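> First the structure, then my questions, so here it is.
Rule-based calculations on the coordinates, nothing more; no lab input. The model shown is predicted, which means the values in this text are computed figures rather than measured ones. Using ideal geometry, Cβ is built from the backbone for each residue, glycine included, and neighbour counts are taken over all protein chains shown.
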Amino acid sequence: MTTIPWWFYTIPFISAFIHWLTIWMALKLLFHPRQPKKILGFTLQGVFPKKQQQIAVSLGRIVGQELLSFDDIEQKITDPGNVQRILPLVEQHIDNFLRNKLKESMPMIAMFIGDKTINQLKSVFMKELEELFPLIMRNYVHNLREDLDLEKIVVEKIAGFSNDRLEAMLNEFLTKEFRFVEVIGAILGFLIGLLQILFTLLLKK
């Protein structure tokens, strides 16, 4: 029976290291090299630096068309519940105007306006404003839709990121996931090494 050398049993550890190193290098190649480099006749560049413009366009389209639309914005800001939440603040300003600022601006008229008249005027104003606010906001969103291109803004922002900043942002969100993938790769490599030892031992019997 052939004696198996001691280093043969290090195969699982070597396999684990090779798998970990392969995955680590693959993750690094997502961001590096920043600029195209010729290596053995092949042009090599990190995936994100190379595809940054395409990624920016894709994300811009998703944000502009699916995640955030002007129809959603209009629906939110014209919702009766949202309008009701801002009316108390408007009422305070109208009350302050009728009781204080009107006296300063038009003292003669203010002399003939008492609490009863102020409350009546305020009630009329508030009723009118409650109907007017949704119309104003719809018109505002319509103008905003024409002036503001969300898709273009997102594309320009992402395309303008430096490679260092883009890598830092992605690492901030994906560091744990990257580490998990590296660990899983090492574990799989170790298990493959164990299977190699097992098969070798079985064949030698």
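> Between LEU44 and residues 5 or more places away or on another chain, which pairs have amide H atoms under 5 Å apart, with H built 1.01 Å from N, and which residues are they?
Residues meeting the amide H criterion: LYS37, LYS38, ILE39.
> In nm, to one decimal, how far is the THR43 label point from the LEU129 one, both placed 7 Å along Cα→Cβ?
Each label point is offset 7 Å from its Cα along the Cβ direction, giving 6.2 nm.
> Per residue, how much space in cubic angstrom lies within the convex hull of the C-alpha atoms of region 1-45?
96 Å³
> Tally Lys/Arg at +1 and Asp/Glu at -1 over every other residue whose Cβ is under 11 Å from the Cβ of ASP95; what's the total?
Local charge sum for ASP95: +1.
> Name the shape class, rounded, prolate or oblate, that the alpha-carbon gyration tensor gives for region 69-163, where a ≥ b ≥ c are the square roots of its eigenvalues, rounded holds for a/c under 1.5, and otherwise prolate holds if a/b is larger than b/c and oblate otherwise.
Cα axes put region 69-163 in the prolate bin.
> Same structure, new question: Taking 21 Å as the cut-off for C-alpha to C-alpha distance, list the pairs among LYS101/LYS122; LYS103/LYS127; LYS38/LYS176; LYS28/LYS176 that go past it.
The answer is LYS103/LYS127; LYS38/LYS176.
> Would you calculate the volume per residue, in Å³, of the smallest convex hull containing every Cα atom of the chain?
About 239 Å³ per residue, rounded to a whole number.
> Something else now. Could you give each residue of region 34-46 its phi-based ³J(HN,Hα) in whole Hz, using Karplus coefficients 6.51, -1.76, 1.60 with θ = phi - 60°, and x for Gly or Pro?
5, 10, x, 10, 8, 10, 6, x, 9, 8, 10, 8, x
> Another question about this same structure. Report the residues of region 113-152 in range of a label on ARG99: point 7 Å along Cα→C-beta, backbone N strictly under 12 Å from it.
Under 12 Å, as judged by backbone N against the label point of ARG99, lie 115-116, 118-119 of region 113-152.
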